[in-house]
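Q: Okay, handing you the structure first.
Just so it is clear, none of the values below were taken in a lab; they were calculated from the coordinates. Just so you know, these numbers come straight off a predicted model, no measurement behind them. Using ideal geometry, Cβ is built from the backbone for each residue, glycine included, and neighbour counts are taken over all protein chains shown.
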Amino acid sequence: MAVSELGDRTDNAASAGGSAPHGEERPVILEARDIRRSYRMGDTVVHALDGVSFQVRQGDYWAIMGQSGSGKSTLLNLLGCLDRPTEGAYLLGGDDVAQLDDDDLAEIRGQRLGFIFQSFNLILQLTVLENIEVPLFYQGIPAREARERAQRYAELVGLGGRTHHRPLELSGGQQQRVAIARALVNEPLVILADEATGNLDSATGREILGLLDQLHLQGRTIIMVTHDPNIANRAEWVLRLKDGKIDRIEPGGKHPEGVRTPERH
Amino acid sequence: MFTTFLRTVALGVRSLLLHKLRSFLTMLGILFGVASVVAMLAIGEGASEEAQAKFLELGSTNVIARSRKPSADSDSSAGMAARNARGVIYGLTFKDLDVIRGTISGVERVVGVRSVLKPTAHGSRNVEARLSGTTEDFLDVARVEIDRGRFLTTSDNLRRANVTVIGEEVRRQLFPFEDPIAKHIAIGGESFEVVGTMRSRGGASEKNFEGSDEDKVCFIPLATMETRFGFIDMQRSAGSRSTEQVELHEVRVRALSLDAVPDVAQAVRDVLKRLHEKDDVEVIVPLELLRTVEEQKRIWKAVLAAIAGISLLVGGIGVMNVMLATVTERTREIGVRRALGAKKRHVISQFLVETLGLSTAGGAIGVFLGIAIPFVVEHYADMKTVVRWDAVGLAFGISALVGVVFGLYPAMRAASMDPVEALRHE
Ligand SMILES: Nc1ncnc2c1ncn2[C@@H]1O[C@H](COP(=O)(O)OP(=O)(O)OP(=O)(O)O)[C@@H](O)[C@H]1O
Ligand SMILES: [Mg+2]
């Protein structure tokens, strides 16, 4: 698979891949400090997140699990700077983003984050290549460079021959690959996935998960919301949410030997 | 920055082309609004220019008094009294001419004209031409030009000479192949020497104010006319014969300046009112008519502006309506773009560019139609039209403005969506 060509990443994340034994050496790139998010519904207040704290280090692979309504998506949206916490601090790459304004958040999303959605969320009137280019457009990357990069990432996810197709001409798995290429094209700090395989059959889902595994091996940081314990098994850490609070953080199937369990605050 | 803009435009155009029929239908309102305004302005402008040219032809510093046959029932006792053995007597007199000349200030020239139709012949060729008796200063009060030879002189009138200056149409019909100068022609049975020819006054407006052919005219000295033909004019109509006596058909008064025209006009009216019990003269003031045309033009423009405003408003609302639907339809796309790093202004410009694309495309096609329609009208309806480019620019500019005004709200709405909500939207 084309993913094996991913090894060209030159930043230090590559050397600190998921299998690296000394997790302590990897820097913390994302930290939630007692973040809360509540929604006002009429005169009742729903606490979707009720004091969540944890740290993610570069190259980590996290799964967020929990019952429906436990706050997984809410948390992921906060981590993805799509939403702001009602209270608490959220540090991304060292900056507290909880207080930033809308434009700054957009810039951070465009530069440091990659999103993979359950329903792919490709723009249907654009071709595969153009879909992958979208984040670069908002970064002001020149068209030619953007095209080259998009082409490279399309090849990376195994769609080099489909770049001029429209999303609806592709299978679900292929569409999700496009979405993954799009999430990677701006070389983000973290990849955030909300039930990335939720809309796929199990075989295709496994394929996508395999792709994510490869990306993780290449040193990318992944946070993924899922219902499926098997999927959680592929992660290094599993964060279990219950009623907006962290129930527990436990090592996942890929948990590297000898790495300490992240402390809870 | 500029290439970003170009790419936004390209994106917008593509998005509009994705729904060709919808985009086309949406721009129809603005299209017809702009087209009708440009076309109606061109037609209105043409009509008023034609009218203005007509009045300017009469001379903007002139005040023109004309004899007018009083209607039989206007003042029956006076009408009966004026009817003597020789027929109806009416109109301007030499006395009027003298009084106007002697009492009205601010006047540069006062010229009398007597005009009757007379058979005119040279050899075997003949034409029924208008014979105008006047004086040498007629040249100063009318837009006539000598082509060859000379116009009438003071001495022609003093000598009551049988000389004539002929119009282009008379020359063409009587002297198709030869030089008319110094030839003799027969007018109403008298022999006249041709001393000059007039330049054609034709062109687009061949017909003058009353509809007679401006070039089908022979000028002779007023004094000669009086001596040779008298004042009585015989008219045959529907088998009955009637005669009428008119001393002068027209008195042209030229004011010293444009500013003096209103006073001169009033004075001429006063004098004539005093001297004429019957309603047998009329006073034409080209400047007043020009002002009327200008006033009509202003009203026409105001009406057009109202129509334009309404149709562009309706068109704009149509565009806004479609854009609001588009924004709702594309809520998910907006959410995705926001998640991928689009700022609010990116979303605003994306939708604004689409609305602008719709309205300016509608405006452009509208301008094209609006220019084409006057062409067709001019060709088939024989009307003069004038496409004013400032009007075209204005109409197009307004269509673009409509795009901004009516596009801003849908675009702001798109941009103000919460990214999380937008992504959840089905
Ligand atoms: N926009 C909102 N307005 C009001 N309440 C909300 C809103 N979004 C989320 N909530 C509430 O917050 C809580 C957590 O929602 P969230 O979507 O994070 O759950 P989830 O863990 O992602 O569930 P699922 O597994 O079903 O996707 C729920 O009780 C939900 O009703
Ligand atoms: Mg969810």
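Q: In terms of Cα to Cα distance under 13 Å, which aspartates and glutamates are near enough to A:Lys242, apart from those fewer than 8 places away along the same chain?
A: A:Asp50
Q: Could you tell me the center-to-center distance, by alpha carbons, between the stretch B:170-188 and the stretch A:196-210 in angstrom?
A: After rounding, the separation between the Cα centres reads 105 Å.
Q: Still on this structure: Label B:Ala400 and B:Leu158 with points 7 Å out from Cα along Cα→Cβ: what is the distance between them in nm?
A: 6.9 nm
Q: If R0 is 60 Å, what FRET efficiency do you get for A:Arg152 and B:Ala306 from their C-beta distance, rounded to 0.05?
A: On the way: r = 59 Å, r/R0 = 0.99.
The pair A:Arg152/B:Ala306 has a calculated efficiency of 0.50.
Q: For the protein assembly as shown, with only Lys/Arg (+1) and Asp/Glu (-1) charged at the beta-carbon, what is the dipole magnitude about the Cα centre, in debye rounded to 20? Present the calculation step by step, with values, prior to reporting the outcome.
A: Working: 82 positive and 89 negative charges, 167 e Å.
For this selection, approximately 800 debye.
Q: Turning to a different aspect of this structure: Strictly greater than 41 Å: what percent of every Cα pair in chain B meets that? Can you show the working numbers first?
A: Numbers: 39574 of 90525 pairs.
Value for chain B: 44 percent of Cα pairs lie more than 41 Å apart.
Q: Now for a separate question. Calculated from DSSP H runs of 4 or more alone, at -39500 (n - 2.57) each and per residue, what is the 222 nm mean residue ellipticity of chain A, nearest 500?
A: Working: 8 runs with 81 residues, N = 265.
Helix-only estimate at 222 nm: -9000 deg cm²/dmol.
Q: So which DSSP H runs in chain B come out at 15 Å plus along the axis (Cα) with average Kyte-Doolittle of at least -1.0? Let's see the in-between values first.
A: Details: long enough: B:2-18 (24 Å, 1.32); B:20-57 (53 Å, 0.87); B:261-275 (21 Å, 0.20); B:286-329 (63 Å, 0.86); B:344-381 (54 Å, 0.96); B:389-415 (37 Å, 1.36).
Long hydrophobic helices here: B:2-18, B:20-57, B:261-275, B:286-329, B:344-381, B:389-415.
Q: Express in nm, to one decimal, how much length is gained between B:Lys95 and B:Glu294 on full extension, taking 0.36 nm for each residue of separation and deducting their alpha carbon distance. Before the final figure, lay out each step's value.
A: On the way: separation 199, 0.36 × 199 = 71.64 nm, distance 3.54 nm.
So the chain would gain 68.1 nm between B:Lys95 and B:Glu294.
Q: What ranking do B:213-220, B:140-147 get when scored by the average of other Cβ atoms within 10 Å per residue, highest first? If you can, show how the numbers build up before the last one.
A: Values: B:213-220: 23.5, B:140-147: 16.0.
Descending mean neighbour count gives B:213-220, B:140-147.
Q: Throw me the Rg/Rh for the stretch A:128-265, computed over C-alpha atoms with Kirkwood Rh, two decimals.
A: On the way: Rg = 16.7 Å, Rh = 16.4 Å.
Reported Rg/Rh (Cα atoms, Kirkwood Rh): 1.02.
Q: Could you run the Karplus curve 6.51 cos²θ - 1.76 cosθ + 1.60 with θ = phi - 60° over the stretch A:138-149 and give me ³J(HN,Hα) per residue in whole Hz, x for Gly and Pro?
A: Here the 3J(HN,Hα) series is 6, 8, x, 6, x, 4, 5, 5, 4, 4, 4, 5 Hz.
Q: Taking a quarter of the surface of the convex hull around the Cα atoms of chain A, what do you get in nm²?
A: Values: hull surface 56.4 nm².
If I average the Cα hull's projected area over directions, I get 14.1 nm².
Q: Given labels modelled 7 Å from the Cα in the Cβ direction, how far is it in nm from A:Glu169 to A:Asp96?
A: 5.1 nm
Q: So how far apart, in nm, are the two label points at B:Ser242 and A:Asp103 if each is 7 Å from Cα heading toward Cβ?
A: 8.7 nm
Q: Work out the FRET efficiency for B:Leu56 and B:Asp259 from their Cβ-Cβ distance, taking R0 = 25 Å, and round it to the nearest 0.05.
A: With R0 = 25 Å, the Cβ-Cβ based efficiency is 0.90.
Q: Over the Cα atoms of the stretch A:79-194, what Rg and Dmax result, in angstrom?
A: Both quantities, over Cα of the stretch A:79-194: 14.8, 47 Å.
Q: In Å and whole numbers, how far do the C-alpha atoms of the protein assembly as shown stretch along each principal axis, longest first?
A: Rounded to whole Å, the extents work out to 139, 60, 44 Å.
Q: Over all residues in A:101-111, what is the mean tally of Cβ atoms on other chains that come within 10 Å of each residue's Cβ?
A: Values: counts 0, 6, 4, 1, 4, 12, 2, 1, 7, 7, 1.
So the per-residue partner count for this stretch is 4.
Q: Could you please rank B:Val283, A:Val52, placing first whichever residue has the fewest other Cβ atoms within 10 Å of its Cβ? Write down the numbers at each step before the final one.
A: Details: B:Val283 18, A:Val52 25.
With the sparsest Cβ surroundings first, the list reads B:Val283, A:Val52.
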